[in-house]
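Following: one structure in structure tokens, then a few remarks.
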Amino acid sequence: MKEVKCFLLVLLLCGLVINGFSQIPAAGGKVITENLASVILRDNKVGLNPNRQVKIYLPPGYAKSGKSYPVVYYLSNLFWSPEKMFEDGRIVKLSERGFASGLVKEFIIVAADYSTQAAGSIYENSPVSGRWLDFTVNELVPFVDKKFRTIRSRDSRAIVGDFMGGRGALKMALFIRKYSVSYMQCIR
């Protein structure tokens, strides 16, 4: 019986992936924009604007539940932005279909602006182009925790990214462990 249930679960998941979750109606989360005036990013030699735009996706249950949520911090690739990430609505639809199907529990998505006049921050601490690791750990995470109902625990935060953002996520996980700052962990 246990094998039959596992087999049916695998079939269901395969069907959801193949069909792009198209049979499950999406609920209604909300994408909002916040502005974070960074003190840390003022310290740069390239004229970087320390005012950073942050896009936050709040899941469907957030408005009415009163409960706290885990957070996924997304680091984008070079020449990408939080606006582009949410522009076509695909990330929201995919997340909400995953929530509705029970595949994953609801979570908050945070995408901050890591752009520079060149290509991007490269997710480093630099006396020239800005202390981006410090910005994330010491300003962005506390900012999100203060404004939203988050689970304020290392085990309830993840940091992910694509291409250079993926490198940044790995760098962040190593940086935080090295300096004993327990804000985030890389998804295993």
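What follows is calculated from the coordinates using simple rules that are stated; it is not laboratory data. Values in this document were obtained by computation on a predicted structure and should not be read as measured data.
Using θ = phi - 60° in the Karplus curve 6.51 cos²θ - 1.76 cosθ + 1.60, the 3J(HN,Hα) couplings for the stretch 84-95 round to 5, 4, 9, 3, 8, x, 5, 5, 5, 4, 4, 4 Hz; x is entered for Gly and Pro.
Output the pairs from 67/147; 147/171; 45/84; 30/171; 67/105 with a Cα-Cα distance over 22 Å in this structure; if there are none, say none. Let's see the in-between values first.
Working: 67/147 14 Å; 147/171 26 Å; 45/84 27 Å; 30/171 30 Å; 67/105 13 Å.
Long pairs (Cα-Cα over 22 Å): 147/171; 45/84; 30/171.
Close amide H pairs (under 5 Å, H built 1.01 Å from N) link residue 125 with 132, 133, residues at least 5 positions away or on another chain. The convex hull around the C-alpha trace of the stretch 32-188, projected and averaged over every direction, spans 9.0 square nanometres.
Do you know the relative contact order of the stretch 25-186, to the nearest whole percent, from alpha carbon pairs under 8 angstrom that are 6+ apart? Can you show the working numbers first?
Numbers: 302 pairs, mean separation 46.2, N = 162.
In percent, rounded to a whole number, it is 29.
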